[in-house]
Amino acid sequence: MKLHELEKNARKEIEETATSEELEKVRIRYLGRKGKLTEILHSIGNLSKEEKPVVGRVANRLKIELDQLILIRKKNLEESRTLGLEDLSLPGRKPTIGNLHPLTILSEEIINIFISMGFSVVEGPEIETDYYNFTALNTPPEHPARDLHDTFYLKDGRLLRTHTSPVQIRIMEKHSPPLRIISPGRCYRVDTFDPSHSPTFMQIEGLWVDKDVSMADLFGTLKIFARKTFGGDTKVEFLPGYFPFTEPSAELWIQCPFCTGKGCSVCHQGNIEILGCGMVHPNVLKNMGYSEFLGFAFGMGVERIAMIKYNINDIRLFYQNDLQFLKQFNESKL
Ligand code: PHE
């Protein structure tokens with residue numbers, strides 16, 4: 001009975017060892033000079049004639065078995081150590097869970113605002129032709145507005161789109177009004193990185209074409225967008241602007257959230273421009289065969305909106321993969 005219990009305990013303890021050192025301690029406890037089994041083996045001589053052979057046989061067999069078990073366990077522990085799994089009882093390491101990039105999070109937030117106003121999301125290619133990026137947008141070759149878009153050209157004459165406006169043309173070509181689309185995506189311009197410039201950036205384009213769309217609809221839609229993005233009491237203002245593909249054109253300005261209108265180093269006399277917009281130019285509509293329709297369009301830089309919304313003073317932070325910066329933006333915080 002005693003031997004039976006000793007065997008059970010020894011087997012369990014051997015199995016539970018996590019290191020060779022622990023295993024050696026178990027071996028000494030049972031098979032060492034003063035070990036539990038060794039003591040039993042030594043005391044066999046004191047047993048009665050009848051008991052001696054029985055206990056002797058069982059105890060000796062147990063010693064051989066435990067020796068073997070310990071040997072096997074030792075081999076296993078050594079193998080797992082070379083595999084780097086030495087201490088299986090240690091708590092596991094928590095995997096690092098990433099989060100969406102702040103520009104992705106903010107883009108989704110902005111897109112959802114427009115979806116709630118009936119817009120659908122479409123996408124266009126980042127490699128464009130001159131026609132879609134400029135000419136169809138009322139910006140023919142030699143048009144001075146081309147200078148504002150310092151363009152990356154490919155060897156075959158195509159280019160990296162300088163804005164998301166070409167998506168307007170692609171959509172108007174393929175579908176007929178009424179149209180209400182929003183188009184997020186990456187754009188490129190020849191710029192060197194500095195705190196306010198980046199050769200690549202995200203834009204979100206909007207287009208609404210229908211029989212009776214007016215400037216008031218444009219202002220109303222963008223006012224809702226600005227207030228949902230920057231807060232319900234944000235002061236918004238539309239100032240005249242210029243884009244070749246909209247007429248009239250406007251810029252949407254909001255009251256600077258940093259100085260609340262007092263005037264500071266990031267704003268212009270208390271206001272900040274957040275996007276460009278306007279009524280789709282009659283030439284663009286005519287080219288698309290939409291002469292009897294009206295439309296409005298707008299385009300915004302997502303980095304710019306993010307910098308204003310989260311008080312970020314350097315656009316490069318979005319592109320440097322600094323985890324400490326990026327980790328601040330998980331959905332729950334925005
Ligand atoms: N495409 C313009 C830009 O990149 C923004 C814009 C879009 C303006 C649509 C008016 C209408 O600056």
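The values are calculated or read from the model by the stated rules, or taken from the named source; none is laboratory data. None of these values were measured; they are calculated from a predicted model. Note that each Cβ is placed from the backbone with ideal geometry, even for glycine, and that neighbours are counted across all protein chains shown. Ligands, DNA and RNA are excluded from the accessible area calculation, which covers all protein heavy atoms including side chains. Shrake-Rupley method; radii C 1.70, N 1.55, O 1.52, S 1.80 Å.
Each residue was assigned an accessible area with a 1.4 Å probe, and for Asp156 the value is about 100 Å². With contacts taken as Cα pairs under 8 Å and at least 6 residues apart, the chain reaches a relative contact order of 15 percent.
Considering only Lys286, Lys235, Lys36, the Gaussian network model of the chain with Cα springs below 10 Å gives its largest mean-square fluctuation to Lys36. Return the whole-Å distance between the Cα centroid of region 281-334 and the Cα centroid of region 167-204. Here the answer is 9 Å between Cα centres. Past 31 Å, Cα to Cα, is the threshold; run Lys36/Lys94; Lys36/Lys74; Lys2/Lys25 against it and keep the listed order. Cα-Cα > 31 Å for Lys36/Lys94; rest within. Per-residue Karplus couplings for region 127-137, computed as 6.51 cos²θ - 1.76 cosθ + 1.60 with θ equal to phi - 60°, are listed in order as 8, 10, 9, 4, 4, 6, 6, 10, 4, 5, 9 Hz, Gly and Pro entered as x. For the chain, the C-alpha radius of gyration sits at 1.86 times the compact-globule guess of 2.2 N^0.38 Å, with N the residue count. Each label point was placed 7 Å from the Cα along the Cα-to-Cβ direction; for Val54 and Ile127 their separation is 8.9 nm. The overall shape of region 160-242, judged from the alpha-carbon gyration tensor, is oblate: a/c is not under 1.5, and a/b is no greater than b/c. Comparing His268, His101, His163 in a Gaussian network model of the chain where C-alpha atoms under 10 Å apart are linked, the largest mean-square fluctuation is found at His268. Isolated cysteines of the chain, defined as having no other cysteine beta carbon under 4.7 Å away, are Cys187, Cys277. Label sites at Ser43 and Lys223, each approximated as a point 7 angstrom past Cα along Cα to Cβ, lie 9.7 nm apart. Residue separation of Glu79 and Asp147 scaled by 0.36 nm, minus their Cα-Cα distance, works out to 17.7 nm of gained length. Once both labels are positioned 7 Å from their Cα atoms along Cα-to-Cβ, the gap between Thr135 and Arg186 label points is 2.7 nm.
Electrostatic bookkeeping for Gly231 treats Lys and Arg as +1 and Asp and Glu as -1; over the other residues with beta carbon under 14 Å from its beta carbon, the sum is +3. Entry note, region 247-334: relative contact order of 22 percent, from Cα contacts under 8 Å with a spacing of 6+ residues. Helices that extend 18 Å or more along their long axis by alpha-carbon positions and average at least -0.5 on the Kyte-Doolittle scale are, among the DSSP H runs of the chain, 102-115, 215-230.
One Cα centroid belongs to region 75-143, the other to region 240-261; the line between them spans 30 Å.
Of the solvent-accessible surface of region 3-82, computed with a 1.4 Å probe over protein heavy atoms with every protein chain present, carbon and sulfur atoms account for 52 percent.
With 0.36 nm allotted per residue and the present C-alpha distance subtracted, the Lys327-Asp233 stretch has 30.9 nm of extension available. Under 23 Å of direct C-alpha separation, and excluding same-chain neighbours fewer than eight residues apart, Lys309 reaches these lysines: Lys223, Lys228, Lys235, Lys262, Lys327, Lys333. The alpha-carbon of Lys174 sits under 19 angstrom from the alpha-carbons of these lysines, leaving out residues fewer than 8 places away in its chain: Lys211, Lys286. Of Trp208, Trp253, the order by accessible heavy-atom surface (1.4 Å probe, DNA, RNA and ligands excluded), from most exposed downward, is Trp208, Trp253.
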